[in-house]
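The values are calculated or read from the model by the stated rules, or taken from the named source; none is laboratory data. All of these numbers come straight from a predicted model, not from anything done at the bench. All Cβ positions, even for glycine, are placed from backbone atoms using ideal geometry, and neighbour counts span all protein chains on display. For accessibility, only protein heavy atoms count, side chains too; no ligands or nucleic acids. Shrake-Rupley method; radii C 1.70, N 1.55, O 1.52, S 1.80 Å.
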Protein chains: 2
Amino acid sequence: MRTYRFDKVDITSGYLFGKQELNRLTTINAVYDRFCETGRIGAFDFDYVPSGDKKPPHVYWDSDVAKWIEGAAYIIKKHPTPELEEKIDALVDKIKKNQDKNGYFNIHFTVASPGERFKDRDKHELYCAGHLMEAAVAYDEATGKRDLLDCMEKYADHIARVFMEEKSAEFQTPGHEEIEIALVRMYLHTGKQKYLDMAKHFIDTRGSSETSEPNVSYNQSHIPVREQTEAVGHSVRAMYLYTGMALLAAQTGDEGLTKACKALFDDVALRKMYVTGGIGSTYVGEAFTNPYDLPNEGAYTETCAGIGLAFFANAMLALENDAKYADVIERVIYNGLLSGLSLDGTSFFYENPLEINLIEHFANERGKKRLPPTQRVECFSCSCCPPNINRFLPSIGNYLYAIDGDTLFVNQFVSSKLEDGGVRIRVTTDYPISGSIKIEASGVGKIAVRIPEWCEKYEIDRDFEIKNGYAVMNSDGGEININFDMTPHAVFANPNVIRDCSRLCVMRGPIVYCAESVDNSDNLHAYSIPCDFECKEEANAEFGLPTLEVSASCLMPTEGKLYSSRRPEKAEATLKMIPYNCFANRGRTNMIVWIHAE
Amino acid sequence: MRTYRFDKVDITSGYLFGKQELNRLTTINAVYDRFCETGRIGAFDFDYVPSGDKKPPHVYWDSDVAKWIEGAAYIIKKHPTPELEEKIDALVDKIKKNQDKNGYFNIHFTVASPGERFKDRDKHELYCAGHLMEAAVAYDEATGKRDLLDCMEKYADHIARVFMEEKSAEFQTPGHEEIEIALVRMYLHTGKQKYLDMAKHFIDTRGSSETSEPNVSYNQSHIPVREQTEAVGHSVRAMYLYTGMALLAAQTGDEGLTKACKALFDDVALRKMYVTGGIGSTYVGEAFTNPYDLPNEGAYTETCAGIGLAFFANAMLALENDAKYADVIERVIYNGLLSGLSLDGTSFFYENPLEINLIEHFANERGKKRLPPTQRVECFSCSCCPPNINRFLPSIGNYLYAIDGDTLFVNQFVSSKLEDGGVRIRVTTDYPISGSIKIEASGVGKIAVRIPEWCEKYEIDRDFEIKNGYAVMNSDGGEININFDMTPHAVFANPNVIRDCSRLCVMRGPIVYCAESVDNSDNLHAYSIPCDFECKEEANAEFGLPTLEVSASCLMPTEGKLYSSRRPEKAEATLKMIPYNCFANRGRTNMIVWIHAE
C-alpha cells in the first residue's frame, strides 16, 4: 500500500490531536529554549574559539537542531507560525553563511576539528547531514523556501564526490545510519535519481569492508544488510537503517532487501519488543540483546528507538499489506513513545523503564551501577529524543491512511479527513477513549479497516472479510460504523520472557496500563490480579484517558518473621491503574506494568 | 548461657565433619598456595622495594594471612599437622624479626608507607592487628608456642599507648572493626584486664568524634554504639563490631550494650537477612540497605558477612538464652556460608547471589554495570573470604553446646562429644540428612534442645517443656531420642520483601534448595510450585545431601506472538532441586531459589 503523507491529512480532534497541539503550543518552544540555553542554537554562529573557555559544539548538535527544524516545519505546514518560521530562517541564514564552498557542513568539524572531516565513522557527520537534509525537505515542503534545500543538495553532492567518486573518506558507511532515509526523501522530493543512487550505495556497502572493525554489530555492519535476519546492536541505528532499507526497497522493488526487512521486522516484533512497543533492552550500547530478554526495571527502550520503530513499520506497509505493521505503530505511539513526554509537554524520558522500585533504586544510587531514570527531565546532554518528539507528533498524519489500487486502508483511528484527488475519507471517533468509529469515504472501491491485534470483539455494520488483519468491505459512499470492544483485558507475555512469567499486564484498547504507588500501597509486587478481573473506569482530564480500578488481591504486610512456612494472607483489594504513558507525572513513585497473575 | 569452645568438642562424623575434613585436607593448603602465588606469604620477608617493579603489599594482606594462621591453628589443635605448624613457625619468625622495636607491626606501613602509620582509619591497620591477635591466641592455644602472642601483646601495648595514652594517632577508632573481638579474646586468654579496657575504649569511643566524617554509617560511626538500633553500612564491619560489643557485654554485664546488641540482631534477622542467612543486600559499600530490600540476583551477601553473623549470633547466646540466635547460626552455616566454598574445596564465592539469569548477565557483561558472579574462583584480589572459611570450619565446635547453671544447651545437631569437668554429652545423628538425633548426657540436671525454627513437627521420647525455642527436659543420664520431620516444605517471605512476593522457597530441614537449569529447562521462571507440593528425595554423594524432585507446573514455551490475551498453557512438570550451597558446581547455569508459588 502507499501511505498518505500528513500534509494530505487533517487531524481534527481527539487524544492524538491533543498531543499535537501540546507539541505545537508548548514542546516545540520548550525544546528551542533548552537548545538556546545549552548552546546548540548559538553554535550555528560558528563563533566557537578552541582556546576559549567554552566546550566545543558536540558532533551531534547539528542533528538535534535539524530535527527541531523538521518538527517546526511540519507544524508550519499545517499551522503557519511566523515565530517558528523566523527562527528557522535565522538558522538557515547561518547555515548558508557558514557552509563550506565545497558544500561540506558540520559545525564541530568546522570550528573545533576541521582537520578530522570524514575520518571517523562514529563521529556522526553523515548522521547530521541526513537530519539536515530531512529538515531541508520538510521546510521546502512547508514554506516553498528552498535555501536550506539548496545548501543540502550542495552538501549531498559533496558527499557523493567524497564517498562514491573520489573515495577519499576514511570510512565507507556512516557509523550512525540516518542519511539513507534522508536521501530517499531527497529523491522523492526533488525527483533526482542521484539521491536514490546514494542511498543505495550506502545501504549496499554496509557490512562489506567494515566487518573487521571491532563491535561491528553495534552499527549493523557485521554482514551485508541483505543477509541480516536478526535485529542487533544500537536500536536507534538499527531502526534508521531498516527504515532506509524499506524505503529504498519500495522504490526499487529490491526483493533481497524486502526479504531482509521482513525478517528483521519479525525478529523485533516477535522476540525483542516490550509490550509498550519499546525496543532496546539494555543500556549497554543502547542495544538489542537476546531474543525474549526484556527486563522491566532495566528496560532501556529509548524514546528515539520507539519513534524509529514507527518509521520502520510504516515503511514496511509499502512492502506488504499486513496489519501487523500498523499494530506495532499503534502499540508504540500510544505507549512507549508518548511516555517519553511529560503531560505538560516540557520534560522528557530518554529511557522508558517498565518498572520502578525506589527502595532498590536509592539503595544503589551512590554506586557505580547504572540506574534507570525515575523522573523526566527538561534536557539531557544527548538530547536526541526531545526534537524527535517535536517532529513525530505533527507528522502523525503519516500513519493513518494508505491506498492500494481502489482499496483505501485505515491504519490508525483518529478523527480526521483526507482528500487526495477523488479519494475522500472522513473518520469521526474519540478513540481510544471509546472504540466507536464512523467512516465516511468516497472515491474508492473498498475500505480496509485494521482490526487491532488487541481486539477480540468488534462490530461492523456491514459485510466484510478479514484479510491480513484488515476487515475489507465495499465502499458505497455511505457511513460505516465500527465498534471495538474497549473492555480492559489481561495480556500475557510469551513465557520465554522470564521477567513476565506468571504475570499479566492490563490493557484497555491499545493503551498499556501501569500502577503507581502514589495511588496504591508502596509495595506494588504484593498485588495479584485475576485473569478475569473486574474493572471500573473513570474519565481523567489530566491524563486524557480513563483510569481503572481493577479488582485484585494484596498480600497483607506482616511485622513478624522474615520467613515462615505459612503462606502470607491475601486481602481483597483494588488496584488503581493509569495509562503507562502517563507514569512519573506526579512525583517520584514506584511503578509496575507486569503484575502478578492470580 | 556459656557456649563451649571447639577445643572441648570432638566432632566425629556427618555432613559438617565432612566439610571440616575438606578444609583440613584441601582448602587450608589451597588457600596457602594461592597466598604464596599472590605474594601474600612472601610479603612477610619485608623485602618489598618501592622503586622496584612489584606492587606494594596491600594494606589488608596481613589480615588474610593472619586468618589463615588462625584456621591452621584450629586444625592443629585437633589434628597435629607438622606441615602446617612449620609454615606458621616460618611466618612467626618473620613477624618477630620484622616487628618494630616499639611493637608496631604492619607490612604495608613498614615497607611501602612507613610515614603513614595510624593516619587513616580506613587503611586497615587495627583490623590487621586484630586478626594477628586472634591468630596469636589460637596458635598459643593449639601449640603452647607463645612467640606470636608475645609479639601481639607487644603490639597491643603499643596500640594502647598511641590510642589511649598519647592519643597521637590521627583517628580514634578503626575504620574496619575487628580488633574489638580480638582484644576480648586476648583478655580471655591472658586474663589481662588491660585488653578488655582497650576493647571497651574502642567500642565506647566509636560514633563520638567521627560523626562529622563523610559516610560514617559505612563503618557504624554515625552515633554512639549504645544508641544504634539499625544495622547499617558495610555488613562485615557491622558484624565484627556487633560481635565485639556482645563479647564485651558478656564480660562486663553492660546493659546499654546488651540492649543495643539485641536491637541490632533483631533488625538483621527480622528485616535484612536472606533466607540463606546471607546479609548485605548491595555491592554499593558491600552494605545493608533498607529493611526488606533483599533482591535475589543482585544479592551481595558476602561470605565473610555470613561468617560474621554466625559470630554475632553465637556471642548473643551469652546475653540471652534464646534459640533464635542458634536458628540464625544454623541458617547461615548450612546455606549462605557453605555456598562460599566449592564442593572440591578449592574455589570460592565472595558474593553469594540467590538467582542467576545468564541471558541477562551476558547481555550486560560488556557494560559498566556491576554483575554478580556466576562461578567460584580460586582467589580474588580482596581475598578475605577464603581464609575466613579456613578458620570457621575447624571451629564449628564453638556453636554446638552451651551451659547455664545445670542446664546443657544443644544448639546445633552434629555427631560429637563434649567433656568438660563432670559434664559429658554425646550426640549421634546424621543431621541434616535425617532429623533423628540421639543424645546421651551426664553430669547435668537438664538438657535444652533447640527446636529449629523451620521445624513444625517433631518427636521427643520424654517429657519436655518449650522455653525460648528450646525443649527443656530433665537429664537422667539415659538416652534421649529426638526426631525432626525433614519432609521438604515451602517457605514464604514476609510480603514486604518485594522480590519474593508470590514466590516460595523449598527447604528440607535447615537446607535451602535451589533449581539450576543444568537439571531443568533454561527458563527457571516458567516453573510454579504448589504450596503443598509433592517431593521425591534422592541421596547424592557429590552434594552430601539429598536432591529433590518437586512436583511443579511449567509454562509451555511458544513460538508465536510476544503478547496475547490468552494465558500461556501450563504443563505438569518436575523441578529438580539441589541444595543452594551446592549451586554453580557444574558449570555456568541459571539458578533460582525463590520460585513462583502456584
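Short-range pairs are left out: with C-alpha atoms under 8 Å and at least six residues apart, the relative contact order of the stretch A:81-207 is 28 percent.
All C-alpha to C-alpha distances of the stretch A:113-157, sorted into 5 Å bins beginning at zero, yield P(r) values of 6, 23, 24, 19, 15, 8, 5, 1 percent in whole numbers.
Helical runs assigned H by DSSP (4 residues or longer) give chain A a calculated mean residue ellipticity at 222 nm of -10000 deg cm²/dmol, each run adding -39500 (n - 2.57) before division by the residue total. When the Cα gyration tensor is reduced to axis lengths a ≥ b ≥ c, the ratio a/c is 1.5 or higher for the stretch B:121-230, and with a/b above b/c it is classed as prolate.
For B:Asn290, inter-copy separations between label points set 7 Å beyond Cα along the Cβ vector come to 3.1 nm, shortest first.
Computed about the Cα centre, the dipole magnitude for the stretch A:356-462 is approximately 460 debye when only Lys and Arg (+1) and Asp and Glu (-1) carry charge, each at its Cβ. The alpha carbon centroids of the stretch B:299-320 and the stretch A:559-592 are separated by 32 Å. Normalised per residue, the accessible area of the stretch B:98-203 is 34 Å², obtained with a 1.4 Å probe and no contribution from ligands, DNA or RNA. Counting only C-alpha contacts under 8 Å and six or more residues apart, can you give the relative contact order of chain A as a whole percent? Reported relative contact order: 14 percent.
Find the eigenvalues of the gyration tensor of the Cα atoms of the stretch B:339-465, then list the square roots of 5 times those eigenvalues as equivalent ellipsoid semi-axes, largest first, in whole angstrom.
42, 18, 12
Gain on full extension, evaluated as 0.36 nm per residue between B:Leu25 and B:Glu419 minus their Cα-Cα distance, stands at 139.2 nm.
With its label point defined 7 Å out from Cα along the Cα-to-Cβ axis, B:Asp147 lies at 9.1 nm from the matching points of the other copies, in increasing order. When you restrict to C-alpha pairs under 8 Å that are six or more residues apart and normalise by the size of the stretch A:473-527, the relative contact order lands at 24 percent. Normalised by 2.2 N^0.38 Å, where N is the number of residues, the alpha-carbon radius of gyration of the stretch A:301-407 equals 1.30.
For the protein assembly as shown, the antiparallel share of DSSP beta bridges with both residues in that region comes to about 90%. Relative to the longest principal axis of the Cα atoms of chain A, helix A:235-252 runs at roughly 70 degrees. Which whole number in µm²/s is D for the protein assembly as shown by Stokes-Einstein, with the Kirkwood Rh taken over Cα pairs at 20 °C and 1.002 mPa s? My calculation gives 64 µm²/s for D. Report, in whole Å, the centroid distance computed from the Cα atoms of the stretch A:177-241 and the stretch B:65-80. About 66 Å separates the Cα centre of the stretch A:177-241 from the one of the stretch B:65-80.
Applying Stokes-Einstein at 10 °C and 1.306 mPa s to the Kirkwood radius of the stretch A:1-148, computed over alpha-carbon pairs, gives a translational diffusion coefficient of 96 µm² s⁻¹. Remark: spin-label model distance A:Glu378-B:Asp47 equals 6.5 nm, labels positioned 7 Å along the Cα→Cβ axis. Mean partner shielding of peptide B:574-585, defined as the number of other chain Cβ atoms within 10 Å of each residue Cβ, is 0. Among the trypsin sites (Lys or Arg not before Pro) within the stretch B:145-174, those in coil by DSSP and having at most 13 neighbouring Cβ atoms inside 10 Å are B:Lys167. Per residue of A:564-571, other chain Cβ atoms within 10 Å of the residue Cβ number 5 on average.
Quick one: if the Förster radius is 35 Å, what FRET efficiency do A:Lys119 and A:Phe362 give, using the C-beta to C-beta distance and rounding to 0.05?
So, using R0 = 35 Å, E works out to roughly 0.20.
For the residue pairs A:Lys576/B:Lys570; A:Lys154/A:Lys192; A:Lys96/A:Lys145; A:Lys123/A:Lys262; B:Lys324/B:Lys467; B:Lys8/B:Lys77, alpha carbon separations beyond 20 Å are given by A:Lys576/B:Lys570; A:Lys123/A:Lys262. What separates the B:Arg462 label point from its copies, with the point 7 Å along Cα to Cβ, is 9.5 nm, written shortest first.
Shown here for the stretch B:312-394: trypsin sites (Lys or Arg not before Pro) in loop regions (DSSP other than H, G, I, E, B) with at most 14 other Cβ atoms within 10 Å, namely B:Arg366, B:Lys368.
Counting charges near B:Arg34 (Lys, Arg +1; Asp, Glu -1) among other residues having Cβ under 12 Å from its Cβ returns a value of -3. The mean count of C-beta atoms from other chains within 10 Å of the C-beta of residues in A:271-278, rounded to a whole number, is 1. Sequentially through the stretch B:326-339, phi angles give Karplus couplings (6.51, -1.76, 1.60; θ = phi - 60°) of 5, 4, 5, 4, 4, 4, 5, 4, 6, 10, x, 8, 5, 5 Hz, Gly and Pro residues having no value and appearing as x.
When only DSSP loop residues count, what trypsin sites (Lys or Arg not before Pro) in the stretch A:46-127 have their Cβ near at most 14 other Cβ atoms within 10 Å? Intermediate results must be reported in sequence, preceding the final value.
On the way: sites: A:Lys54, A:Lys67, A:Lys77, A:Lys78, A:Lys87, A:Lys94, A:Lys96, A:Lys97, A:Lys101, A:Arg117, A:Lys119, A:Arg121, A:Lys123; in loops: A:Lys54, A:Lys101, A:Arg117, A:Lys119.
Passing sites in the stretch A:46-127 are A:Lys54, A:Lys101, A:Lys119.
Taking all C-alpha pairs of chain A, those more than 45 Å from each other amount to 16 percent.
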